[in-house]
Every structure is written in C-alpha cells, then in structure tokens.
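The values are calculated or read from the model by the stated rules, or taken from the named source; none is laboratory data. Just so you know, these numbers come straight off a predicted model, no measurement behind them. Positions of Cβ are generated from backbone atoms using ideal geometry, with glycine treated the same way; all protein chains shown enter the neighbour counts.
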Amino acid sequence: MTDDSKCLKKPVLSIIREEVTKLFHDDTVQQSLDLIRQEGIGEKIVYFYVVDKDDRLVGVVPTRRLLTASMDQRISEIMISPVITIPQHATVFDAHEFFLLYKFLALPVVDENKRILGVVDISMFTDDTFDAADREGMDRMFELIGFRLMQVREASPLRAFRFRFPWLVATITSGTMCALLTGAYEVTLAKSLILAFFLTLVLGLGESVSIQSMTMAIHNLRSQQLDWAWYTKAFYRELGAAMLLGLACGSVVSLIAWGWRGETMAAIVIGLSIMLILCAAVFFGLSIPSLLHRLKLDMRVASGPLTLALTDISTILIYFSLAEALL
C-alpha cells in the first residue's frame, strides 16, 4: 500500500482544526461582531458556523454575508441552512470527496448530535496556498484533489479485484438462488407460459427502481446524519413514489400482456406483482446503503451488488408466489 493510500485511510479527526469560531443563531449581527472582536478568530476563516442553545450546528454564514448585513439582523435571518457536514467517522479520503463534490473551501466535522468537533480546510490537502478570491487558484486546487483520488482509485488490477470481487459474489449467489427458485415454480410456469415471457421485464423494472433509490440514498447519506427519523421520512417518500410507479408500469404491462395473449388473470398477476416488486425494490435501495453506512463499510462499491441481489430474489418470490396463489 502506498503512503498516499495510507494517508487517505486515516480518520478525518486526525486532520481537523479544532479552533472554530461559532455564532449563536439568536444573536444579532452586532452582537456577533462584538463576540468575534472579543474572542478573536483563527487563520483562514472563510465561514462562521451557527449553533443553537444546545451547541448544535444549525447554519453557516459566509464572511462576506456577515460583514454586509444590517447590524440589527438576527444571525438566523442571514445564515444558510442546512449545512453540508462531514461525519466524525469519515476518513480523509471521504473528506477529499466531499470537497470535490461540493466545492466548498472548508467543511465542519460533526458528531452524531450535530455538534462541531472541528473544521477541515481545503488547504490541508495541499502545500499550495491561494487567495479566496482567486477563482483560478481554487479550481486548480480542486483539480489536484480529483487527481489524487483518481490515482488511488485507479490501483493495480489485482488490488481492484480484491476490493470488488467479494461484493460480486452476492450477484453470483443471487443469480443461482433465482435459478433454483424459478425451477421450484415449474408447475406454475406450465399453467401460464406468458409469465416466462415477462419475467425479464419484471426483473428489469425492479432492478431499475432499486438502483434509483440506492443512488438517491448514497447521495443523501454523504451530507446527512443517519438516524431513524431521516430513514422513516425517506422511506415513506420513496414508498409513495414506488406505488405510483408500480400502478403506472403495472397497468401498462398488464394491458400489453392481456392484449397479446388474452389471459386476463395472468395479466392481473403480472401488473399486481410489478406494484409489489417496486415497493420491495425501494426498500432494499434505501436500506442497503443505510445499513452499510451504519456499519462504516464502503456503500459506493457494496451497495449495488447487494441491492440488486436482494431485489432479484424478492422479485422471483413475489412474482411466482402471486402467480401460484391466483392462477
């Protein structure tokens, strides 16, 4: 393993700057400026972070906005919320990706209760320095970060194999299980051959929706603290979308199946199973990245194979169980 790879795997807490100037959301701009003059500020302050009475991060105020606001305005009126944060369990590699994704000059590191543990400054990742107004210099720095990450990602074929193959075993396992499950429903298939004709389409719909939900979850988990409230809200939102998608897709496919073969009950089975399968798909698409994030595993590499594997297995079970019950 290269020194660069070892460095990127360190905890982000090992590089944070702990001196953070905090403002209180109920204070006025005048009170905040008085506080800053009294306590002083550290070097390279670009953003001021706003906390509530429980010391939890609630917003951020860029320096320019603070200096140009009216003195009697409340900080809560000029702050930007929500704040992009780096979780305390992140690695230096994760911090690089946050900067590359959001293009901010500094990001706060927070604990599970949204309390600030420190700040990571973009200049910590390079020996170069630049003026905050120098857009060209900032762009060059972000390019350097991207190049550094690319060097680590584009490792040797053997290392890439060791990193990715274990998760692909899930795909092999699920494919084998799907073949065995399909074989167990030979009698059901014999009753209505149209089920076999639409199996690929149904599997494809389930996989597509699960990947969409998974992508949204991974994107949100980069900037959100994972808790039960967030998961519940996200699940109900995705479930509502899945039901609408299932109703639309199921209706269209049912009409196609009925118009092609004239088998009413088989068409109903196909349409109803699509709706149930899409609901299961969003559950796995949201739950797998969340679980991997909670276990501090790489959700970007592992989520895809595991989500598709579980979605395919549930698709086969729902599709043929419903057919066996109704046909």
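Just a few scattered comments:
- Residues in segment 218-250 that are at pLDDT below 85 and among the β-branched types (Val, Ile, Thr): 218 only.
- Just one of (1) modelled with pLDDT of 85 or more; (2) part of a loop (DSSP other than H, G, I, E, B); (3) surrounded by 15 or more Cβ atoms within 10 Å (Cβ to Cβ) fails for residue 112. It is (3).
- Matching entry among 12, 20, 29, 50 (being in contact with a helix residue (DSSP H, G or I) (Cβ under 8 Å, 6 or more places away or on another chain), within 15 Å of residue 120 (Cα to Cα) and hydrophobic (A, V, I, L, M, F, W, C)): 12
- Residues (touching a His at 6+ places or on another chain (Cβ under 7 Å) and either surrounded by fewer than 19 Cβ atoms within 10 Å (Cβ to Cβ) or over 26 Å from residue 96 (Cα atoms) (or both)) located in segment 59-86: 75, 76
- Conditions (1) modelled with pLDDT under 85; (2) in a helix (DSSP H, G or I); number of the one not met by residue 155: (2)
- Each residue in segment 216-273 was checked for being assigned to a helix (DSSP H, G or I) and either over 30 Å from residue 115 (Cα atoms) or among the charged types (D, E, K, R) (or both), and 36 of them qualify.
- Residue check for residue 215: among the polar types (S, T, N, Q) and at pLDDT 90 or above: no
- The residue list 273, 303 contains one member that is outside the structural domain of residue 87 (by TED's automatic domain parsing), crowded, with 22+ Cβ neighbours inside 10 Å and at pLDDT 90 or above, which is 273.
- Unique residue being at pLDDT 65 or above and either assigned to a loop (DSSP other than H, G, I, E, B) or on the phi > 0 side of the Ramachandran plot (or both) when the list is 93, 99, 104: 104
- Unique residue being farther than 26 Å from residue 253 by Cα and of a type in the set (Val, Ile, Thr) when the list is 194, 211, 172: 172
- Some residue of segment 285-294 being surrounded by fewer than 15 Cβ atoms within 10 Å (Cβ to Cβ) and outside any helix (DSSP H, G or I): no
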